[in-house]
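The values are calculated or read from the model by the stated rules, or taken from the named source; none is laboratory data. Not measured: the values here are computed from a predicted model. Neighbour counts are summed over all protein chains in view; Cβ atoms, including those assigned to glycine, are modelled from backbone coordinates with ideal geometry. Surface areas here come from the heavy atoms of the whole protein model, side chains and all, with no ligands, DNA or RNA. Shrake-Rupley method; radii C 1.70, N 1.55, O 1.52, S 1.80 Å.
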Amino acid sequence: MVLCFICRTLEGVGAAAATTASFAIVAHEFPDRISTAFGLMETFSGAGFIVGPFLGGVLFQLGGFTLPFAVLGGVLLTMAMIYVAIFPSIAGAHTPYTGSLLPLMQIATVCVACMTVLVGSSALGFLDAAFQPHLVQFRLTPILTGVVFLTGPSLYAILAPLWGWLADKGPAAKILIVVGNLICAVAMLLLGPSPLLQLKSHLWLTIVAMVVLGIGIGASQVPVFQELLEGAKMDGFPDDFETNGLVSGLYTSLFSLGAFIGPVAGGYMNDHVGFEWTSSLLALLFAVVALTTALFSVAYWRLILPRLQELEADASTKEHLLVEPI
């Protein structure tokens, strides 16, 4: 048992380090297409969640409990050696960060974007723990249960590059986050279904809700990493690898925190008020995040952005006057 805890702890540390570094490298290498690159990464992440259970089951059948872990460990070690051999050196990547996360967390844009990450990951964590017991009422075979489970992640993986491409088109990122959270709110209302809708639970309705959730989660989560980066740089953080790493670490921490809160808090509520009301509460949280993001976006476009443009124009004028010969 102790060895299991040690292995899982090391796995968590390694996964956090690899994910944080991957996001930071992507932001550094594709500064003008951050969301597009992030969406492609999420496609492969979703594909891993789809292929993983199937491949793990095949390996388990062939060689028992040890073989899946031995194969995966060998693949990871091979990938690590390939990375060391082919990855170019990145300026600033070896400079340790000596500051704090607190200045980053005090930025309004960052705080609003953090709400999207936290609520989205909490909802996914809740479904990981509570969705399978909810499906028992339909008396599905294990294969069909897996198919229903993978409906949302499959759509997320397929559409993630599209959301990323759209998010790179100027103000579309904020619009996608608002619309995506609203879609997630509708999905959670249907998934219960919420007692407020006075609908009976049906398998077709559950599948439709998972499809809608896959669309909404992708639209809201893919652009949010770019929003975090833009918020940090707009507030004065330097446009360098150190800032990319800091924002990447914040995103990974928030997503992991939500993945912890979802099963714990959601599981507690599921036991006491049921799946339907817990889903309704998550729908409310998604709606609150959408409204908050929408209000902040309007304030940003009407008040903050024009002021920033004025400051940039003033700075450009002063620089021109300084270099103009007398």
Restricting to region 17-50, what's the tally of residues that are more than 13 Å from the chain's Cα centre (by Cα) and more than 25 Å from Phe149 (Cα to Cα)?
17
Looking at region 173-232 only, could you name the residues that are outside any helix (DSSP H, G or I) and of a type outside the set (Lys, Arg)?
Gly192, Pro193, Ser194, Gln198, Leu199, Ser201, His202, Val222, Pro223
Lone qualifier among Ile183, Ile215 - being open to solvent by 40 Å² or more (accessible area, probe 1.4 Å) and either more than 21 Å from Leu281 (Cβ to Cβ) or under 14 Å from the mean Cα position of the chain (by Cα) (or both):
Ile215
Verdict on Gly64 being on the phi > 0 side of the Ramachandran plot, modelled with pLDDT of 80 or more and not hydroxyl-bearing (Ser, Thr, Tyr):
yes
Cβ-Cβ below 8 Å, separation at least six or inter-chain, first residue in region 200-219 and under 27 Å from Pro161 (Cβ atoms), second charged (D, E, K, R): which pairs?
Gly218/Glu42
Of all residues in region 25-58 being in contact with an Asp or Glu (Cβ under 8 Å, 6 or more places away or on another chain) and assigned to a loop (DSSP other than H, G, I, E, B), which is least open to solvent (accessible area, probe 1.4 Å)?
Pro31
Flagged in region 160-172 as surrounded by fewer than 21 Cβ atoms within 10 Å (Cβ to Cβ) and part of a helix (DSSP H, G or I), in numbering order, are Pro161, Leu162, Trp165, Leu166, Ala172
In region 228-246, residue nearest to Thr116 (Cα to Cα) [restricted to those that are in contact (Cβ under 8 Å) with a residue 60 or more places away in the chain and open to solvent by less than 10 Å² (accessible area, probe 1.4 Å)]:
Leu228
The condition of being over 22 Å from the mean Cα position of the chain (by Cα) and outside any loop (DSSP other than H, G, I, E, B) holds, among Val136, Val148, only for Val136
If Val84 satisfies all but one of (1) surrounded by 13 or more Cβ atoms within 10 Å (Cβ to Cβ); (2) within 19 Å of Ala24 (Cβ to Cβ), what's the number of the condition it fails?
(1)
Name the residues in region 59-69 that are open to solvent by 40 Å² or more (accessible area, probe 1.4 Å) and among the hydrophobic types (A, V, I, L, M, F, W, C), would you?
Phe60, Leu62, Phe65, Leu67, Phe69
Out of Phe260, Phe286, Phe275, Phe296, sole residue that is within 21 Å of Cys184 (Cα to Cα) and open to solvent by 50 Å² or more (accessible area, probe 1.4 Å)
Phe260
